Amino acid sequence: MRLTKKSHACVRLEKDGRTLVLDPGGFSEPDAAVGAEAILVTHEHPDHFDEERLRTALEADPAAEIWTLKSVAEKISTAFPGRVHTVGHGDTFTAAGFDIQAHGELHAVIHPDIPRITNVGYLVDGSVFHPGDALTVPDHPVETLMLPVMAPWSKISEVIDYVREVKPQRAYDIHDALLTDLARPIYDNQIGALGGSPHLRLTPGESAEV
């Protein structure tokens, strides 16, 4: 499977000539989802869900489809009847030839005064896990963890403990648009030294085989 990092939380996966994109949000490239047969969205926050980017992808390919939770599906399903599928924790499905398991139900706590929204993570082909905005631990071994490395709802100790709990073979940074180049070495060193798994980073547009 070929993994390509797009900006922020967006990831592109390719296998056997087919393409799956996760979370092409407002911090990602305008064409981040174009060319994907299937698009997965973890939750409704604009850095993960951007209606214009989804419309661009679905209009470019009449066969492209979206899998997401109810709060996102309600915003776009009317425009693309039959092409937007609602999923939740525990669901399994196939999208663009990839086997998907949905894990998790709620977004991480930002602040006790802010109501929590729904969030679902996706385990792709039993190998690559994208948790969205939560530190969900799937009940399945994870080879490649897409690690939300920096967010308003997290601190680095929680990120390190999350890697320790999931125990992936490798962890690649996502959710990093707000992380400055000055701070990256601190995160790299501490997560790499304390997480217990190889900690890796791809620049936007860079790919790796996983």
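Structure above, values below:
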{"item": "The chain, accessible surface, carbon-and-sulfur percent (1.4 angstrom probe)", "result": "51 percent"}
{"item": "Packing-based ranking, highest mean first, of 74-86, 7-19 given that Cβ atoms within 10 Å are counted", "result": "7-19, 74-86"}
{"item": "Mean separation of Cα contacts under 8 Å, 6 or more apart, over the residue count of segment 1-121: relative contact order %", "result": "18 percent"}
{"item": "Fraction of alpha-carbon pairs over 17 Å apart in segment 68-144 - percent", "result": "50 percent"}
{"item": "Value of Rg/Rh across the chain [Cα atoms, Kirkwood radius]", "result": "0.94"}
{"item": "Partner lysines for K15 [C-alpha distance under 16 Å; skip if fewer than 8 residues away on the same chain]", "result": "K5"}
{"item": "Å² per residue, accessible surface of the chain at 1.4 Å", "result": "44 Å²"}
{"item": "On Cα atoms only, tilt of 156-166 relative to the major axis of the chain in degrees", "result": "70 degrees"}
{"item": "Shape metrics for segment 41-111, restricted to C-alpha atoms - Rg then Dmax, Å", "result": "12.6, 40"}
{"item": "Value of relative contact order over the chain, rounded to a whole percent, pairs C-alpha under 8 Å and six or more apart", "result": "18 percent"}
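The values are calculated or read from the model by the stated rules, or taken from the named source; none is laboratory data. If you're wondering where the values come from, they're calculated on a predicted model, not measured in any experiment. Positions of Cβ are generated from backbone atoms using ideal geometry, with glycine treated the same way; all protein chains shown enter the neighbour counts. The area values use the complete protein model at the heavy-atom level, side chains included, leaving out ligands, DNA and RNA. Shrake-Rupley method; radii C 1.70, N 1.55, O 1.52, S 1.80 Å.
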